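Written below as structure tokens is the structure these notes are about.
What follows is calculated from the coordinates using simple rules that are stated; it is not laboratory data. Treat the numbers as computed from the prediction; the structure is a model and nothing was measured. Neighbour counts are summed over all protein chains in view; Cβ atoms, including those assigned to glycine, are modelled from backbone coordinates with ideal geometry.
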Amino acid sequence: MSVPSNDLTPRSDAADRRLRIELLRMRAGYERLAVRRSACRLAGELRPESLVAQARDRLGAAGLGWLGGGLQILRRYPVLLSVLTSVVSNRQRRGIALKTALIAGLVWLGKRRHRDADA
């Protein structure tokens, strides 16, 4: 069996190898740049305000827009979230908190219906 003759000289063989190495270095540089851009985009999407906005949009699409509005209010007033979690986490206050929330909801519903009836 004869080996096919290679027209490349050792000098051009080394030049081809250096060229391939440079092309691979450039490709690796572009891939690093793409990874860096993706990481920056991901970091922007993982900020709390972005996560809340995504949750609000998804809840709105599912017909639960009022829940998304509640998330926005809790984000705007963090003291409200703190009070809410402390009341709910205490077993003794849980019953009182539920009764108060029920009464507040009924009052709000009554005012809303009264306002809609006037309009």
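Let me know the charge dipole size of the range 78-119 about its Cα centre in debye, to the nearest 20, where only the beta-carbon of Lys, Arg (+1) and Asp, Glu (-1) is charged.
Computed about the Cα centre, the dipole is about 180 debye.
Which residue, Leu106, Gly44, Leu24, has the largest displacement toward the positive end of the dipole of the chain when charges sit on each Cβ (Lys, Arg +1; Asp, Glu -1)?
After comparing all options, I get Leu106.
Work out the length of the dipole vector of the range 29-82 about its Cα centre, built from +1 on the beta-carbon of each Lys and Arg and -1 on the beta-carbon of each Asp and Glu, and round it to the nearest 20 debye.
140 debye
Quick check on the exposure proxy: order Val35, Val52 from fewest to most C-beta atoms within 10 angstrom.
Starting with the residue having the fewest Cβ neighbours, the order is Val35, Val52.
What dipole magnitude, in Debye to the nearest 20, does the chain give about its Cα centre under +1 on Lys/Arg Cβ and -1 on Asp/Glu Cβ?
It comes to approximately 660 debye.
Taking only DSSP H segments of four or more residues, each worth -39500 (n - 2.57), what value at 222 nm results for the chain once the sum is divided by all its residues, to the nearest 500 deg cm²/dmol?
Calculated from helices alone, the mean residue ellipticity at 222 nm is -29500 deg cm²/dmol.
With the Cα gyration tensor of the range 78-119 giving a ≥ b ≥ c as the square roots of its eigenvalues, does the rule (a/c under 1.5 for rounded; else a/b larger than b/c for prolate; else oblate) give rounded, prolate or oblate?
oblate
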